[in-house]
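In what follows, a structure is listed as structure tokens, so that the remarks can point back to it.
The values are calculated or read from the model by the stated rules, or taken from the named source; none is laboratory data. The shown structure was predicted, so the numbers you read here are calculated from the model rather than taken from an experiment. Note that we place each Cβ from the backbone using ideal geometry, even for glycine, and neighbour counts take in every protein chain shown. Ligands, DNA and RNA are excluded from the accessible area calculation, which covers all protein heavy atoms including side chains. Shrake-Rupley method; radii C 1.70, N 1.55, O 1.52, S 1.80 Å.
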Amino acid sequence: MTTAYDAVVLAGGAARRLGGSDKPGVRVGGRTLLDRVLAACPDAGRTVVVGDPRPTTRPVRWTREDPPGQGPLAALGAGARETEADVLLVLSADLPFLDRDTVRRLLAALAEAPDAEAVLLTDAEGRDQPLVAAYRTGPLVRELTRLTHDFRGLAHLPLRALTEALRLTRVAAGPLASFDCDTWEDIATARARIREHGSVLDEWITAVKDELGIELDVDTGVLLDLARDAAHGVARPAAPLTTFLVGYAAARAGAEGGPEAVAEAARKAAALAKRWAAEQDEAG
């Protein structure tokens, strides 16, 4: 069973190591860092972004700590006040490789540990990442309230003041999920990684789907095979035109078609391309 949750994304830091640049708006693979993080939690009941409003690829609720610039704990407090679910996913807005699988693992770990009050992601060195975590809302609000009373506010308090008071469990990060962008060197590293041979197509397809507002999982291999068959069996320009027509045919099938409609249209077009190739072989 999927855990119902709200998400709080912290996007209001000063980014001093980036020279004060608008870090959530920096693009990696054609998408802003903020949009990349938002793509990892599309099924949140309510998504609250703590920072200055900006265009995003999906609707969110905006808020800000008052006054701004009081640090992540104060920002988290402001975001938590705008939520209503029993579980809060808390993320920073500088995680270019955070994915849905990592989010699912955090939520599942919390559901499977009824005594735990929070699940933190740990990086490759075993360090806790309290801004890549799932919290039970009740204990989170309890501790934020206590800290506010004890310190007359949350301004500039360290995150460990919160986490050390909670019963924790942990989930180890994948190789890239906890990678964050604090410097321009980190940005350059992230941009280089997405262009590596093994991931560039997935990154590009995800970027295009986000840009076009498409929620559809397709078999990339099927479409690449179709493009190859059209290029070899008909003519090279036929490859992009054929894949476009397959997409159009799937769209005409309506929302009920989904990935199956894409696969069926691709199968028909591939069979046609092979018939064309067979006729050419016979003529030769």
Self-check item: Diffusion coefficient, µm² s⁻¹, Stokes-Einstein with Kirkwood Rh over alpha-carbon pairs of the chain at 37 °C and 0.692 mPa s
Solution: 156 µm²/s
Self-check item: Whole-Å distance, taken between Cα centres, linking the range 9-33 and the range 89-158
Solution: 21 Å
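If you add up the charges near residue 276, with Lys and Arg at +1 and Asp and Glu at -1, over every other residue whose beta carbon is less than 12 angstrom from its beta carbon, what do you get?
Surrounding charge for residue 276 is -2.
If you take the square roots of the eigenvalues of the alpha-carbon gyration tensor of the range 1-45 and sort them as a ≥ b ≥ c, do you get rounded (a/c under 1.5), prolate (a/b over b/c) or oblate?
oblate
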Exercise. Show that you can apply the helix-only estimate: for the chain, add -39,500 (n - 2.57) for every DSSP H stretch of four or more residues, divide by all residues, and state [θ] at 222 nm to the nearest 500.
Key: -13500 deg cm²/dmol
Quiz item: Of 43, 210, 115, which has the largest mean-square fluctuation in a 10 Å C-alpha GNM of the chain?
Solution: 115
Quiz prompt | Accessible-area composition of the range 112-255, carbon plus sulfur, in percent [1.4 Å probe] | solution = 56 percent
Quiz prompt | Where GluC sites (Glu not before Pro) fall in DSSP loop in the range 73-140, at most 13 other Cβ within 10 Å | solution = 84, 112, 125
Quiz item: Considering only the chain, what is the antiparallel percent among its DSSP beta bridges, to the nearest 5?
Solution: 40 percent
Self-check item: Projected-area average for the range 121-200 over all orientations - Cα convex hull basis, square nanometres
Solution: 6.9 nm²
Exercise. Pull up all non-local amide H partners of residue 92: gap of 5 or more, or a different chain, and H-to-H distance under 5 Å with H placed in the peptide plane.
Key: 10
Quiz item: Taking every eigenvalue of the Cα gyration tensor of the range 73-228, multiplying by 5 and rooting it, what semi-axes result, largest first, whole Å?
Solution: 35, 17, 15
Quiz item: Using a Gaussian network for the chain with springs between C-alpha atoms less than 10 Å apart, which of these wobbles most: 153, 51, 233?
Solution: 233
Self-check item: Summed side-chain charge close to residue 77 - residues other than residue 77 whose Cβ falls under 11 Å, Lys, Arg +1, Asp, Glu -1
Solution: -3
Practice problem: Count the net charge of all other residues whose Cβ sits under 13 Å from the Cβ of residue 219, scoring Lys and Arg as +1 and Asp and Glu as -1. | Solution: -4
Quiz item: Given a 1.4 Å probe and the protein chains all in place, what does the accessible area of residue 104 round to, in Å² to the nearest 10?
Solution: 140 Å²
Quiz item: Which is farthest toward the positive dipole end of the chain among 21, 175, 33, measuring Cα position about the Cα centre, with Cβ charges +1 (Lys, Arg) and -1 (Asp, Glu)?
Solution: 21
Quiz item: Going by accessible area, probe 1.4 Å, with all protein chains left in place, what is the ranking of 204, 276, 62, largest first?
Solution: 204, 276, 62
Quiz prompt | For residue 71, distant residues with modelled amide H under 5 Å away | solution = 156
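Write down the accessible area per residue of the chain in Å², having rolled a 1.4 Å probe over the full set of protein chains. All intermediate terms of the calculation are to be shown ahead of the outcome.
Details: 15510 Å² over 284 residues.
Value returned for the chain: 55 Å² of accessible area per residue.
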Quiz prompt | Principal axis box of the range 159-284, alpha-carbon based, largest edge first, Å | solution = 77, 36, 24
Self-check item: Of 110, 18, 245, the one that fluctuates the most in a GNM where the chain has Cα springs shorter than 10 Å
Solution: 245
